[in-house]
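Comments concern the structure below.
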Amino acid sequence: MDGVTGTVPPDPAAGRLLDEQAPLFTADAPRVYSRAQWKARAPKRPAKVLDRAPDHIVVHHTDTGNSTDYSVGHAFSLSRYIQNFHMDKRGWDDSGQQLTISRGGVVMEGRNRSLASIRSGDLAVGAQVLHNNEHTLGIENEGNYMRTAVPGRLWASLMEVCVWLCREYDLDPGEAIVGHRDYNETSCPGDVLYSRLPALRRAVADRLEGASAAPKPKGKPKGKPKGNPKAPPKPDGGQDYGNPNQYYQGDGDWPGLLNLNW
């Protein structure tokens, strides 16, 4: 995405390492913490759910600080911070992305109705790829990866989440997993993370083949990535939603533009 700049406020409950928590993954799916567990606010309105699968899984970075706090408490603070930013600063209905992964590898539900929709093979429409929200699903990865290496915990969780999504939606990882910059003119998900997407596609495909679950794409894609963005990557901390003097009001394709002084 992203441009969720700033520092995630500390959480009094933070501090326990993931090793002291329940396992990240179950036998059939990654451990995904629900909105109720991270104490999400009520959305302005329920997300629209489409009776179809997405055709692309879009990888983002949050463009926030590269925290060394890998606790569940910090991850929950991150989700609340993103939701507040999207609702209060962007004017959106809720968190834009469907899923969030902390640098500690904690996976959390983002937009309301996302987790139930994934499990039923449907799509809860988010606000994470301009003009392409009704056929894509977005994963926010905590941190800025223009120059910084991706933490092992985050990478492992991202791979497991993509395996799960490709299995649930019958997607071919070689075609389905893309970066935000493949759609919009942005530096997201950072040069380092973007450069690792080919390895992510291969790893997910290997896992699916190893589980005897060769993916079968569901229909033709409803959108096509732009490929190489025309705009050069923005410096660390840059706004990745487009013009930094504007923000999009509402959801979907964000038709209303309001000027801001950042």
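Data table
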read-out	value
Yes/no for His74 being in a helix (DSSP H, G or I), closer than 30 Å to Asp191 by Cβ, over 16 Å from the mean Cα position of the chain (by Cα) and not aromatic (Phe, Trp, Tyr)	yes
Residue, nearest to Gly121 (Cα to Cα), within the stretch 162-194, restricted to residues that are β-branched (Val, Ile, Thr) and under 13 Å from the mean Cα position of the chain (by Cα)	Ile177
Hey, Tyr183 closer than 26 Å to Asp51 by Cα, at pLDDT 95 or above and among the hydroxyl-bearing types (Ser, Thr, Tyr) or not	yes
Candidate set: the stretch 1-54, residues that are surrounded by 12 or more Cβ atoms within 10 Å (Cβ to Cβ) and β-branched (Val, Ile, Thr); chosen: the one modelled with the lowest pLDDT	Thr5
Qualifying positions in the stretch 129-169 - more than 17 Å from Pro189 (Cα to Cα) and among the hydrophobic types (A, V, I, L, M, F, W, C)	Val163, Trp164, Leu165, Cys166
Residues of the stretch 165-206 classified as of a type in the set (S, T, N, Q) and more than 17 Å from Arg147 (Cβ to Cβ), total	1
Helices (runs of 4 or more DSSP H) lying entirely in the stretch 148-217 (those with 1 or more residues that are polar (S, T, N, Q) and surrounded by fewer than 18 Cβ atoms within 10 Å (Cβ to Cβ))	191-195
Filtered residue count, the stretch 87-132, keeping only those that are within 11 Å of the chain's Cα centre (by Cα), under 14 Å from Arg41 (Cα atoms) and polar (S, T, N, Q)	1
Residue in the stretch 77-124 that is surrounded by the most Cβ atoms within 10 Å (Cβ to Cβ), counting only those that are assigned to a helix (DSSP H, G or I) and among the hydroxyl-bearing types (Ser, Thr, Tyr)	Ser114
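The values are calculated or read from the model by the stated rules, or taken from the named source; none is laboratory data. Everything quoted here is computed from the prediction, not taken from an experiment. We place every Cβ from the backbone using ideal geometry, glycine too, and count neighbours over all the protein chains shown.
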